[in-house]
1. Collect the residues in region A:35-56 that are in contact (Cβ under 8 Å) with a residue 24 or more places away in the chain and more than 10 Å from the chain's Cα centre (by Cα), keeping them in residue-number order.
2. Which of the residues spanning region B:64-82 are touching a residue at least 12 places away in the same chain (Cβ under 8 Å) and over 11 Å from residue B:108 (Cβ atoms)?
3. Take the conditions within 16 Å of the chain's Cα centre (by Cα) and under 19 Å from residue B:99 (Cα atoms) and apply them to residue A:102. Does it pass?
4. Hey, among the residues in region A:29-50 that are in a loop (DSSP other than H, G, I, E, B) and surrounded by 15 or more Cβ atoms within 10 Å (Cβ to Cβ), which one's modelled with the lowest pLDDT?
5. If residue A:26 satisfies every condition in (1) surrounded by fewer than 18 Cβ atoms within 10 Å (Cβ to Cβ); (2) within 14 Å of chain B (Cβ to nearest Cβ); (3) within 24 Å of residue B:93 (Cβ to Cβ) but one, which is the exception?
6. Would you check if residue A:3 is within 24 Å of residue B:41 (Cα to Cα), surrounded by 12 or more Cβ atoms within 10 Å (Cβ to Cβ) and at pLDDT below 95?
7. Go through the residues of region A:53-74 one by one and say whether even a single one is in a strand (DSSP E or B) and within 11 Å of chain B (Cβ to nearest Cβ).
8. Is it the case that region A:61-70 has a residue that's in contact with a helix residue (DSSP H, G or I) (Cβ under 9 Å, 6 or more places away or on another chain) and surrounded by 14 or more Cβ atoms within 10 Å (Cβ to Cβ)?
């Protein structure tokens, strides 16, 4: 079983719509969860972190965590063409110093 | 804004040669990481480093690889006897606690 799983996409949404990105993880003991954005040829950029069950909002981004279901999601409201990128879900696995990434979901926002 | 810096941005080396990839983490961070991303694939954890020693390493991080923090500011990844399959983007990251910030990466091409 993969440690962090994401649908590779692409997920296509029109400009102004809500994009919903999902991730599941295998380690039930994980406590720290992150969303990174990666533009083609660039490094991962941290956009959200979440540690408790529920929702966490930051501007147009909302991260959602459900530890019972081992599920993390990211909502992007009012999607813009500049949001087109690969979104990486990352989870700290087992120990404090192993941050593991999913394969990423490619998001395409069309004007 | 503090950032992680990596040098060189691109390194071409002959198969069998040794390479050293360099990173300057954010100055007050305590945890340091190396990741690898083969073109078109996921970001893979290689190693984490804390308190001047390796704290976690993946199965990829075999005897061919080593890390060092030689002078309290730099953090290096050495790859001995490079192979064609070592061609990838190598990312350095650092964190104060859980949120890891990435450098811009070094593209390693083994020919």
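1. Correct list: A:38, A:39, A:40, A:44.
2. If the condition is that a residue be touching a residue at least 12 places away in the same chain (Cβ under 8 Å) and over 11 Å from residue B:108 (Cβ atoms), then B:64, B:65, B:66, B:67, B:69, B:73, B:74, B:75, B:76, B:78, B:80, B:81 are the ones that fit.
3. Answer is yes for this residue.
4. Looking at the filtered set, the residue picked out is A:30.
5. Unmet for residue A:26, out of (1) surrounded by fewer than 18 Cβ atoms within 10 Å (Cβ to Cβ); (2) within 14 Å of chain B (Cβ to nearest Cβ); (3) within 24 Å of residue B:93 (Cβ to Cβ): (2).
6. Yes, satisfied.
7. No.
8. Looking through region A:61-70, none of the residues is in contact with a helix residue (DSSP H, G or I) (Cβ under 9 Å, 6 or more places away or on another chain) and surrounded by 14 or more Cβ atoms within 10 Å (Cβ to Cβ).
The values are calculated or read from the model by the stated rules, or taken from the named source; none is laboratory data. Keep in mind it's a predicted model, so treat the numbers as computed, not measured. Cβ sites come from the backbone with ideal geometry, for glycine too, and all protein chains shown count toward neighbours.
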